[in-house]
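First the structure, in the form of structure tokens, and then the observations on it.
The values are calculated or read from the model by the stated rules, or taken from the named source; none is laboratory data. Every value quoted in this text rests on a predicted model; they were computed, and no experiment measured them. With ideal geometry, Cβ positions are generated from the backbone for all residues, glycine too; neighbour counts draw on all protein chains shown. Just the protein is used for accessible areas: all its heavy atoms, side chains included, with ligands, DNA and RNA removed. Shrake-Rupley method; radii C 1.70, N 1.55, O 1.52, S 1.80 Å.
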Amino acid sequence: MNKKDLRKYIRLQKQQFTSQQLVELSLPIMKKLMVHPRVKSAKTILMYYSLSDEVNTHEFIDELVAAGKTVLLPAVISDTEMEIRHYEGAKDLLGGFFDIMEPVGKPFTAFKEIDVAVVPGMSFDMRGNRLGRGKGYYDRFLPKIPQAYKIGVCFPFQKLPGIPADENDMKVDEVI
């Protein structure tokens, strides 16, 4: 299956669930993430503020802030680029590109300080390959943080034995 067809297939899989069911399916994933040794020891974490069809990260992000972690979220700034910004609470968010809630404020550029990056995806495989939504934002950004441990998060039905990947596709270190 090519990338376009695989994205379509995953979207159909997601549509079998209500928003509430997806929130419930997110809970065990976020519990694993909360106790993950890399997350527990991290000082600075790049997260994503989930869309309704993604693993729900909203409460987890606030728990990280409450635990004293520096939390960063992406903000799309053009058709090809995203930057990351500090998140300290819901007051920091405004609707951005693609109706994604994004943090306001100055860009965070001390990339070497990022310990862990939690990355969304349409699908992941057992080798850490990631299929995104097709715009390449993370594939262009992740090379800027080579030291960060990259954790892909997805629902169980999004984990596949193999997905198409090429030299531009950035892998994650682990999939939860």
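Brief remarks on what is shown
- Hits in segment 59-85 - residues which are under 22 Å from residue 143 (Cβ atoms) and without any contact (Cβ under 8 Å) to a residue 24 or more places away in the chain: 77, 78, 85
- Single unsatisfied condition, residue 55 versus (1) open to solvent by less than 10 Å² (accessible area, probe 1.4 Å); (2) out of contact with any strand residue (DSSP E or B) (no Cβ under 8 Å at 6 or more places or on another chain); (3) over 23 Å from residue 132 (Cα atoms); (4) among the aliphatic types (A, V, I, L, M): (3)
- Of everything in segment 140-159 that is in a loop (DSSP other than H, G, I, E, B) and either among the aromatic types (Phe, Trp, Tyr) or in contact with a Gly (Cβ under 9 Å, 6 or more places away or on another chain) (or both), the residue that is nearest to residue 42 (Cα to Cα) is 153.
- The numbered conditions (1) open to solvent by 70 Å² or more (accessible area, probe 1.4 Å); (2) in a loop (DSSP other than H, G, I, E, B); (3) not polar (S, T, N, Q) are all true for residue 24 except (2).
- When residue 143 is tested against (1) under 21 Å from residue 13 (Cα atoms); (2) out of contact with any helix residue (DSSP H, G or I) (no Cβ under 6 Å at 6 or more places or on another chain), exactly one condition is not met: (1).
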